[in-house]
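Have a look at the structure below, then the notes.
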Amino acid sequence: MANMTLIGAVNDALKTALREDPSVLVFGEDVGKKGGVFLATDGLQAEFGADRCFDTPLSEDGIIGTAIGMAMNGLKPVAEIQFQDFIFPAFDQIVSEAAKLRYRSGGQYTAPMVIRTPYGGGIRGGLYHSQSGEAYFCHTPGMKVVIPSTPYDAKGLLLAAIADPDPVLFMEPKALYRAVKGEVPEGHYTVELSTTRNVREGDDVTVVEKAADMAAEKGISVHVVDLRTLLPLDESAVVEAAKKTGRVVTVTEAPRFCGYAGEISAIVAERAIEYMEAPVVRVTGFDTPFPNTLEHHYLPDARRVIDAIEKVANF
Amino acid sequence: MFELLDIPRVLVDPDGTAAGPDLPALSDEELRELYVHLVRVRVVDERMLKLQRAGRVGFVGSTFGQEASMIGTAGPLRSTDWLWSGLREGGAALMRGLPLSEYIAQMYCNSNDTAKGRQMCNHFQHKGTNYPSWSSVIGTQIPHGVGAALAAKRLGKDEVHAIYFGDGASSSNGFHSGMGFAAVWKVPCVFVLIHNGWAISVPADEQTGVEEWTDKAEAYGMPAAEVDGNDLLACYGAMETLIERARAGEGPSLLVVKTYRMMGHSSSDDPTVYRDEAEVEVWRQRDPIQRFESFLVGRGILAEGEGAGITTEITAEVDAEIHVQEAAPRMPLRSLVEDVYSEVPLHLREQYNGFIETVERHGEAQPGDGAFPL
């Protein structure tokens, strides 16, 4: 066991994968000598060589397009998109190609690959270094979408994603890269995809959130669920948690309309409405582009989450 | 580095006489085989168009007039090499080993189709000879071929990746990123630009400001050559050289193959709306099959009139297979949710099970359509 940051756990997972599986390659913009703009790939090229960890030309479309070809021909690509905000030139390759290849070929060709990308606000990054675009990809059958919120999960989920036979988008909450620390086992272990984690057990309100642990102390017992894998989602865990308290708040940084929080709300409405004591409340970003100067008001911080919890608790 | 390679643009003149001594080293039997492949492409195409007009298949992207560009360039590939299809390379797949039954099953999108009827017609695949299907999105296969070529290099596989696309696709993101990445990585691939003059209704000179299409390679730093795409042997010879370069570790190159799309973009397209029929007539005189036939007859490899017999023979073979595919069993309904992931996940099982209850209530379920275990 070692005490690590979340980004340290990502780095450790990549090293573990490169060590164990000669078909694993790590590549993207600035991931080689520099070790990535956040240093997620720090030291990998020095340890494993430039054939295993390397820089690419500046084209997200090319990074993901070539990764698909590598995956189709026996390699295990782990591609980095420097910021999730820059992923859209590769949207076509992800949505039209990687996600649909198994289906359209009747299972003859597959693209087992991982796309790592930092996402989310909290670093004063403005419109193009802060977005939470998970909903675009969760609307794409064939993709798996994973978001860790602890160092232990980051390593275990990333190793599970690399071992997975399907394409996985691995979204890393950049605000938590160095904000959380935790015990991480040495060597290989996995956290099973499509399983949730109960962050906190409680009886009064269920908070379904994709980010980290948060405070809610006003005499209300809060049950916090970290979804970990957004697609395919362990829906039954959401439904069970909703039934337990009868009150649900969903928290995401993304804009509200057509967002993931709405999907959770719909699942609860369809499968547990008879247990509900209050409407499901979404706490999200605004339906605006991501701001810069006012980002701390845009983000669903503790004030807004606690207000929502009180609202459903007192309904 | 860019270099305009010294590769003959023409080896056989339009009248069928050899333009020079440097013909590919092919035996009479091999030359004859190539002819049969050309004829097969045309016969299959014509039969498919008839089926489309009869409402039996949905859509046909004819290769009429482009047969030599396809058979000639794919001819020197080994079956272990990969052919990344851009659109009209189904005939090359047939030559390389795609069974006629699978070709026609794909046109019917029936339950015998190896892709399980998931794509519309004219999206062939053949895993056995490394031929993935194109997706319909133009140019996306270009970086796939480059990535797969990098995999071949890293894993020490003796493979060359031939990446096909059209003049329209040369404007796509995939072309730009694919050419760039390939040149930087020096991977074993050949970019085969089938310049047939048209991207649906947009002429090739509206795709780019360059006049010499081989100039495109200069920006990325790789060599290029251009051939007359209606001269089967020129296509074969040029491709043989470029494949050898790639196989020897000398990196990627671009081959511009100039031909002409005689028919519409597809059976759903009426080209008379946007192009001058006089231009089509000029190209009709340059028919690639006639040209190669004249060459073979001139050399005594094919007897005068023997082509007609070959056509009849292939037509019978194709018609027999059409009858078989007309009678394919019904597509199993579970195919709706299979192959999205390696295993059918719980939410898709639930969605299917809800659907199959409705189907059963309407008395339409058949054995094998039943619910998934949850």
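The values are calculated or read from the model by the stated rules, or taken from the named source; none is laboratory data. Since this is a predicted model, take the numbers as computed values, not measurements. Glycine gets a Cβ as well: all are built from the backbone with ideal geometry, and neighbour counts include every protein chain shown. Surface areas here come from the heavy atoms of the whole protein model, side chains and all, with no ligands, DNA or RNA. Shrake-Rupley method; radii C 1.70, N 1.55, O 1.52, S 1.80 Å.
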Legend entry - Which listed residue is free of Cβ contacts under 8 Å to residues at least 24 places away in the same chain, assigned to a loop (DSSP other than H, G, I, E, B), open to solvent by 10 Å² or more (accessible area, probe 1.4 Å) and at the interface with chain B (Cβ under 8 Å from one of its Cβ atoms), from A:Gly74, A:Gly107: A:Gly107
Legend entry - Residues of the stretch A:268-285 that turn out to be within 20 Å of the chain's Cα centre (by Cα) and either exposed (fewer than 14 other Cβ atoms within 10 Å of the Cβ) or β-branched (Val, Ile, Thr) (or both), as a count: 2
Inset, instruction - Considering only the stretch A:110-123, state which residues are within 27 Å of B:Val344 (Cβ to Cβ) and open to solvent by 10 Å² or more (accessible area, probe 1.4 Å). - result: A:Thr110, A:Pro112
Inset, instruction - Being surrounded by 20 or more Cβ atoms within 10 Å (Cβ to Cβ) and among the hydrophobic types (A, V, I, L, M, F, W, C) is the filter here, so list the residues in the stretch B:205-241 that pass it. - result: B:Trp213, B:Ala217, B:Met222, B:Ala224, B:Ala225, B:Val227, B:Leu232, B:Leu233, B:Ala234, B:Cys235, B:Ala238, B:Met239
Inset, instruction - Go through the stretch B:109-149 and give me each residue that's in a strand (DSSP E or B) and either farther than 17 Å from B:Trp84 by Cα or open to solvent by 10 Å² or more (accessible area, probe 1.4 Å) (or both). - result: B:His126
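Yes/no matrix, rows are residues, columns are (1) within 14 Å of chain A (Cβ to nearest Cβ); (2) among the basic types (Lys, Arg); (3) more than 25 Å from the chain's Cα centre (by Cα):
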| position | (1), (2), (3) |
| --- | --- |
| B:Glu277 | no, no, yes |
| B:Gln290 | no, no, no |
| B:Ala316 | no, no, no |
| B:Ala320 | no, no, no |
| B:Gln325 | no, no, no |
| B:Met331 | yes, no, yes |
Inset, instruction - Go through (1) more than 12 Å from every other protein chain (Cβ to nearest Cβ); (2) at pLDDT 95 or above and name the single condition B:Val337 misses. - result: (1)
Legend entry - Checklist (1) open to solvent by 10 Å² or more (accessible area, probe 1.4 Å); (2) facing another protein chain (nearest Cβ under 9 Å); (3) of a type in the set (S, T, N, Q) applied to A:Gln93, failing item: (1)
Legend entry - Those residues of the stretch B:328-350 which are out of contact with any helix residue (DSSP H, G or I) (no Cβ under 9 Å at 6 or more places or on another chain) and either under 19 Å from A:Asp164 (Cβ atoms) or assigned to a helix (DSSP H, G or I) (or both), in sequence order: B:Ser335, B:Glu343, B:Pro345, B:Arg349
Inset, instruction - Considering each of B:Leu23, B:Leu38 in turn, give the residue that is under 16 Å from the mean Cα position of the chain (by Cα) and closer than 23 Å to B:Ala303 by Cα. - result: B:Leu38
Inset, instruction - Count, please, the residues in the stretch B:1-37 that happen to be crowded, with 17+ Cβ neighbours inside 10 Å, of a type outside the set (Phe, Trp, Tyr) and either within 15 Å of B:Ala234 (Cα to Cα) or not assigned by TED's automatic domain parsing to the domain that holds B:Ala182 (or both). - result: 12
Inset, instruction - Kindly indicate whether B:Pro252 is in the same structural domain as B:Val192 (by TED's automatic domain parsing) and farther than 27 Å from B:Val57 by Cα. - result: yes
Legend entry - Scope the stretch A:128-144; condition open to solvent by less than 10 Å² (accessible area, probe 1.4 Å), of a type in the set (Ser, Thr, Tyr) and away from chain B (no Cβ under 14 Å); matching residues: A:Ser130
Inset, instruction - All but one of (1) of a type in the set (Gly, Ala, Ser); (2) surrounded by 21 or more Cβ atoms within 10 Å (Cβ to Cβ); (3) assigned to a helix (DSSP H, G or I) hold for B:Ser101, so report the exception by its number. - result: (2)
Legend entry - Residue check, B:Gln119 among the polar types (S, T, N, Q), within 10 Å of chain A (Cβ to nearest Cβ), under 26 Å from B:Leu336 (Cα atoms) and touching a Pro at 6+ places or on another chain (Cβ under 7 Å): no
Inset, instruction - Check the stretch B:48-59 and report whether any residue there is among the aromatic types (Phe, Trp, Tyr), more than 14 Å from chain A (Cβ to nearest Cβ) and touching a residue at least 24 places away in the same chain (Cβ under 8 Å). - result: yes
Inset, instruction - Scan the stretch B:42-64 for residues that are assigned to a helix (DSSP H, G or I) and either within 16 Å of B:Asp113 (Cα to Cα) or more than 14 Å from the chain's Cα centre (by Cα) (or both) and report the count. - result: 9
Legend entry - Yes/no for B:Gln106 being closer than 23 Å to B:Glu338 by Cα and touching a strand residue (DSSP E or B) at 6+ places or on another chain (Cβ under 7 Å): no
Inset, instruction - From the list B:Val192, B:Val202, B:Val160, B:Val184, pick out the single residue that is open to solvent by 10 Å² or more (accessible area, probe 1.4 Å), within 16 Å of B:Pro223 (Cβ to Cβ) and out of contact with any His (no Cβ under 9 Å at 6 or more places or on another chain). - result: B:Val184
Legend entry - When residues of the stretch B:249-282 are limited to those that are in a helix (DSSP H, G or I) and open to solvent by less than 50 Å² (accessible area, probe 1.4 Å), the one farthest from B:Pro76 (Cα to Cα): B:Pro271
Inset, instruction - Could you tell me which of the residues A:Phe48, A:Phe27, A:Phe54 is of a type in the set (A, V, I, L, M, F, W, C), within 13 Å of chain B (Cβ to nearest Cβ) and under 20 Å from B:Tyr220 (Cα atoms)? - result: A:Phe54
Legend entry - Residues of the stretch A:25-68 satisfying the condition of being surrounded by fewer than 21 Cβ atoms within 10 Å (Cβ to Cβ), assigned to a strand (DSSP E or B) and in contact with a strand residue (DSSP E or B) (Cβ under 6 Å, 6 or more places away or on another chain): A:Phe54
Inset, instruction - Could you run through the stretch A:148-173 and say how many residues are open to solvent by 10 Å² or more (accessible area, probe 1.4 Å) and more than 14 Å from chain B (Cβ to nearest Cβ)? - result: 4
Inset, instruction - Specify which of the listed residues (A:Asp12, A:Asp21) is open to solvent by 10 Å² or more (accessible area, probe 1.4 Å), within 14 Å of another protein chain (Cβ to nearest Cβ) and closer than 17 Å to A:Leu157 by Cα. - result: A:Asp21
